[in-house]
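The values are calculated or read from the model by the stated rules, or taken from the named source; none is laboratory data. What you see is a predicted model; the values in this text were computed from it and never measured. Every residue, glycine as well, gets a Cβ built from its backbone with ideal geometry; the counts of neighbours run over all protein chains shown. All accessible areas refer to the heavy atoms of the entire protein, side chains included, with ligands and DNA or RNA removed. Shrake-Rupley method; radii C 1.70, N 1.55, O 1.52, S 1.80 Å.
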Amino acid sequence: MAVRILKVSSLASALLASSGLYLYSRPLDINDLSVIRFGRAAATTAVISYDYLTAFRHVEHGTEEYQAVKSKVHLRSAERLRDLCCSNRGTFIKVGQHLGALDYLLPEEYTSTLKVLHSRAPQSSLEEIQQVIREDLGKELSEIFVSFEEEPQGAASLAQVHRAVLHDGRTVAVKVQHPKVQKQSSKDIMVMEVLVKAVHWLFPDFAFMWLVEEAKKNMPLELDFLNEGHNAERVASLLSHFPFLKVPTIHWDLSTKRILTMEFVEGGQVDDRDYMKKHNINVNKISENLGQLYSEMIFVHGFVHCDPHPGNVLVRRQKQQTEIVLLDHGLYQVLQPDFRMDYCHLWMSLIHGDMSGVERYSRRLGAGDLFPLFACVLTARSWNAVNTGISSAPVTQAEDVEIRTNAARYLPQISDLLNRVPRQMLLLLKTNDLLRGIETTLQTRASSSSFINMSRCCVRAVARHKRSKARSRSRRVQIMLTESLSLWKLSVYELLLWFRGSMMIRWLAAILAFLH
């Protein structure tokens, strides 16, 4: 017996010694341990849940005091969630950024607090970047590049980008994945799924499984940089008729699933009004061109870049041409033809105030009896504006306040709605919110030109779909003539708007009034 105990103790000592040597030779970051990441997430979830359960005990529902307390709880919870994302990094920051973009779906305390995650992404060391390049390309940095800037141009939740120069003199942007993200992402999503289900059990009105499902589906695609490169080439081909669009060229010989090497393109962020003023870039034209790009992607091609936050959309002056540079092509949504047609018809109904069409196509898209809420969420407009026709009713500050107030009030119904609609709709809603955020910053939101461009794309998309279904040549000719007439009407309407807003017309009107 003593011999057995001695053998077991000797074996245990050997194992402990070898484990100690292994850990000593490979420094362990405590943040990499799944148990630590799960424990941190579970503790944050428990604290937030307890806060919501106890904060309103002695406050009467519906009073001003209740609203004040609710706002404070929202803010405390959002700050805890932000700190959790910053601590766990990777997938947590990505999901937090997604939440921060849902301006008209979540209370303002959450969106404003989580927006900072775009500028607080983790940064890998140069040694870690070198290791990824060594593993994937089989060469040292000096063998591939003449120079490689140690400080990244930008760091995101999943990767960071460095500026480098190839031996042939070309300047490139090298996007390198954070080395630990790939291993951690699936475990992190599992943690989120468990915790979201637990919170839903405590608070039945909280139904955010759609967010976890989207992360589970999209994260593997975003972690495959070869997929991102193919998306970039496809969108550049589909939109090649827009001279103002620039998509960086991919260097396939220096790209892998974790490394994407592309042409380096400089520019200012699309929400940087000072940069545009300095470089004589027309803000209204940029907003109009951005609307054209996305209308074409959504309504005509059904292939949509779904991450247009300002860091991924640059503007620059090239001789006489102002260009929009589209970056980060990891997250795209491919819209099914029937879904896309219903979406086209819904937007045409919203633009023209056709309420029967709004109800019909909202129901077809899964909104059911929540179609009024769906219309408001989709457009970020009040129900009164939707009834009037969103192209006719100007956006006011009072309406924005009303929308934000209702977002907090109807959060359970919004959660229910997002669990009902097709999964394709979720990324479109995110994309809409990001584009609206850019328009708000540029102060060009809901301009007439944006609605005209959307209408043109909807007309073209519907006509193309009908032609594909037409069985006779005469029917195809009829569809083509109807399309041409509709587009001509839109051009006339645009011309009338231009005349009405031009300075010359104002001068003439003033002179005639003076003479009269």
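A few notes on this one:
- Only residues that are farther than 20 Å from residue 308 by Cβ and of a type in the set (Ser, Thr, Tyr) were counted in the stretch 412-439, giving 1.
- Residue 106 within 30 Å of residue 378 (Cβ to Cβ), outside the structural domain of residue 214 (by the TED database) and open to solvent by less than 30 Å² (accessible area, probe 1.4 Å): yes
- Test result for residue 78, in contact with a Ser or Thr (Cβ under 8 Å, 6 or more places away or on another chain) and either part of a loop (DSSP other than H, G, I, E, B) or free of Cβ contacts under 8 Å to residues at least 24 places away in the same chain (or both): no
- Odd one out for residue 271, checked against (1) modelled with pLDDT under 90; (2) of a type outside the set (Phe, Trp, Tyr); (3) in the same structural domain as residue 244 (by the TED database): (3)
- Output for the stretch 33-69, where each listed residue is among the charged types (D, E, K, R) and open to solvent by 40 Å² or more (accessible area, probe 1.4 Å): 40, 57, 60, 64, 65
- Which numbered condition residue 332 fails, given (1) modelled with pLDDT of 90 or more; (2) within 23 Å of residue 413 (Cα to Cα): (2)
- Residue ranges of helices (runs of 4 or more DSSP H) in the stretch 315-407 with at least 3 members touching a Cys at 6+ places or on another chain (Cβ under 9 Å) and on the phi < 0 side of the Ramachandran plot: 337-352, 383-388
- Complete set of residues in the stretch 149-160 that are buried (at least 16 other Cβ atoms within 10 Å of the Cβ) and either modelled with pLDDT of 95 or more or part of a loop (DSSP other than H, G, I, E, B) (or both): 152, 156, 157, 158
Okay, residues lined up against (1) closer than 22 Å to residue 459 by Cα; (2) hydroxyl-bearing (Ser, Thr, Tyr); (3) buried (at least 16 other Cβ atoms within 10 Å of the Cβ):
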{"site": "307", "(1), (2), (3)": "no, no, yes"}
{"site": "320", "(1), (2), (3)": "no, no, no"}
{"site": "337", "(1), (2), (3)": "yes, no, no"}
{"site": "342", "(1), (2), (3)": "yes, no, yes"}
{"site": "356", "(1), (2), (3)": "yes, yes, no"}
{"site": "361", "(1), (2), (3)": "yes, yes, yes"}
{"site": "365", "(1), (2), (3)": "yes, no, yes"}
{"site": "384", "(1), (2), (3)": "no, no, no"}
{"site": "387", "(1), (2), (3)": "yes, no, no"}
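- Residue-level analysis places residue 265 among those that are in a loop (DSSP other than H, G, I, E, B) and either of a type in the set (Val, Ile, Thr) or touching a strand residue (DSSP E or B) at 6+ places or on another chain (Cβ under 8 Å) (or both).
- Residue in the stretch 235-253 that is buried (at least 19 other Cβ atoms within 10 Å of the Cβ) and of a type in the set (Gly, Ala, Ser) present: no
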